[in-house]
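Here the structure comes first, spelled out in structure tokens, and everything after it is commentary.
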Amino acid sequence: MQEMKTPKKSLLYYCLIALLIIMLLNIFVFPLLQNMHVQEVSYNVLLQMADDKNIGQVEIDGDEILFTDKDNKQIYTTGTMNDPDLVQRLYDSGADFRTITTDEMSPLAYFLFSFVLPTALFGFFGWLIFRQMKKRMNGGANPMNSMTFGMGGMGGLGSGNAKVYVKSADGIKFSDVAGEDEAKELLQEIVDFLHAPEKFRDIGASLPKGALLSGPPGTGKTLLAKAVAGEAEVPFFSISGSEFVEMFVGMGAAKVRDLFKQANEKAPCIVFIDEIDAIGKKRDGSLGGNDEREQTLNQLLTEMDGFDASKGVVILAATNRPEALDPALLRPGRFDRRIPVELPDLKGREEILRVHAKKIKTAPDVDLHKIARTSSGASGAELANIVNEAALRAVRHGRKSATQEDFEESIETVIAGYRKKNAIMSDKEKMIVAYHEVGHALVAAKQTDSAPVEKITIIPRTSGALGYTMQVDEADKTLLTKQELLNKIATFTGGRAAEELIFGEYTTGASNDIEQATKLARAMITRYGMSDSFDMVALETVSNQYLGGDSSLACSLETQTKIDEQVVALVAEQHKKAYQILSDNVSALHKIAKHLYEQETITGEEFMHLLQSQ
Ligand code: ADP
Ligand code: MG
Ligand code: ZN
């Protein structure tokens, strides 16, 4: 969909033309009209003409002298001089002292030129703009077009000035959205309803009024809505939540009214509100609350109640903060259908990669399944980015198509940043990083008896990572046991444990590991009920499930102290365990770390091979 900017452009354009015309009139025409017959001359001319007795009438008016020639044909003007003899001299020349009337414009003409004409001009251009906008609105009403409605420049509060979006030629269809089958199925039902409402009416089913797409950023929510627009073949009104938020109280509400008025006229149709949390946040009675936002939200709630779903207005909305939305929005009859759009699983990732890889040239050796395996946790947007980075890398290396190597490198680029070109890392540092990374992998491998990693590298990245361990996606587990979580914590501490064991001291390299281990241990105690003393009590609430998962404690101070103690104990125990595992396998650690130090990159298979050939 692309926005047609023309109405806005022509507004500015006409205003500029009108201004230009008025400026030209002011500079050239008006002065001419005012002083049509008066000619400015120097004082010499006056004296000369007086000497020649060639002066008809004369008037001395303050610091200006007006005079005419003998035949009163031409009026001249000049400044006064400190010349006491002037009057005598003029008198001698036979000049006639009197008031001279110049041909200045009459007050009426002056009024006409300086006031009526510009006003009329402005009015004329205004009318032109108005006509053009009206034409555009009517022209855009073709059902295949999708539109977005906002307030234009001139109509003032909430009057129906529409920004028109037309569907671009490369309309997005459901086939462009990979994975997310559940979401597609639910949305397909809505599309079917809009195509053949009688089928649903016959059986007495009424369609949900609204559906809310919620999920982490980059999982394809906006893309899905666009696909619905592409499939639906009904008008599609699209607006972003932030577009409702205006400086002045009441404007947002007016926009909502306007939007729904238009939607009702065009029914059946779809209204899509992207990033709805911008207006749909919980209303709280706190001081300094946002009046404008609350009014807009109230208006939205009222409008959603007010229209008849059987008419066929379906409201889609997208957000990545569903928990922040006002409960009133989510009750049945409004957004009663919640469509989760989650991060893709292994299969989904492969499909997304396939959809995007179709757009670039790939070498026959490319194994998208393997790429999908190594990119666990990546969102659709990141996968699209990985494919594009691979293509860019191929061009950089003068290849005609992207190879498997391009893809593998681009995953690391997207996740960990570019290779640092000339990172200065001493041999000692490189050695420490090698032992650190192998420490993680070895602890993981010894606990599960399987290849824990896809790849280990110790090539510094622009993100600041000195080494990088690519984890294997364990067949998309959704449930984790307590033992598995403990193992994970042990794995996080494995890096530091290896440094301690081999070098007898430690570095700052473990800061990220520490953060993750702590987070996990804390969650086990406060949210998963895996502590010894708190049983199944929630001590923490998560507020931003899709955006990093911030959490806030909900317990007494004494309990907080106990939690802290337990977290420390839990991590310390796993740290000890990791240290023990490494010291039991210290020869393997030496061997693999040395290999990694030399090769800089080893694969999961090589790792397992080295470990087993002990
Ligand atoms: P958000 O959920 O944040 O609205 P978008 O819909 O804007 O995410 O997705 C951004 C981009 O990521 C899309 O334009 C598309 O290229 C890619 N993408 C995300 N999810 C998918 C998917 N399921 N299939 C194909 N491409 C996807
Ligand atoms: Mg979006
Ligand atoms: Zn580490």
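The values are calculated or read from the model by the stated rules, or taken from the named source; none is laboratory data. For clarity, every value in this text was computed on a predicted model and none was experimentally measured. Positions of Cβ are backbone-derived with ideal geometry, glycine not excepted, and every protein chain shown enters the neighbour counts. Ligands, DNA and RNA are excluded from the accessible area calculation, which covers all protein heavy atoms including side chains. Shrake-Rupley method; radii C 1.70, N 1.55, O 1.52, S 1.80 Å.
Within region 367-378, being open to solvent by 30 Å² or more (accessible area, probe 1.4 Å) and either in contact with a strand residue (DSSP E or B) (Cβ under 9 Å, 6 or more places away or on another chain) or not in a loop (DSSP other than H, G, I, E, B) (or both) holds for His369, Lys370, Arg373, Ser376, Gly377.
Being open to solvent by less than 70 Å² (accessible area, probe 1.4 Å) and either modelled with pLDDT of 85 or more or not β-branched (Val, Ile, Thr) (or both) is a description that does not apply to Ile514. Take the conditions touching a residue at least 12 places away in the same chain (Cβ under 8 Å) and under 16 Å from Glu64 (Cα atoms) and apply them to Thr78. Does it pass? In short, yes. Here region 223-263 is the region considered, the condition is being among the β-branched types (Val, Ile, Thr) and surrounded by 19 or more Cβ atoms within 10 Å (Cβ to Cβ), and the residue that is nearest to ligand 1 (Cβ to nearest atom) is Val228.
Here's the yes/no breakdown for (1) within 16 Å of ligand 2 (Cβ to nearest atom); (2) under 30 Å from Phe193 (Cα atoms); (3) open to solvent by less than 50 Å² (accessible area, probe 1.4 Å):
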site	(1), (2), (3)
Ala318	yes, yes, yes
Gly333	no, yes, yes
Gly380	yes, yes, yes
Ala384	yes, no, yes
Ala390	no, no, yes
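Of the helices (runs of 4 or more DSSP H) lying entirely inside region 178-238, those containing at least 3 residues that are closer than 26 Å to Ala278 by Cβ are 181-195, 221-232.
Could you grab me the full set of residues in region 335-366 that are open to solvent by 10 Å² or more (accessible area, probe 1.4 Å) and closer than 26 Å to Phe236 by Cβ? If the condition is that a residue be open to solvent by 10 Å² or more (accessible area, probe 1.4 Å) and closer than 26 Å to Phe236 by Cβ, then Asp336, Arg337, Arg338, Pro340, Glu342, Pro344, Glu351, Ile352, Val355, His356, Lys358, Lys359 are the ones that fit.
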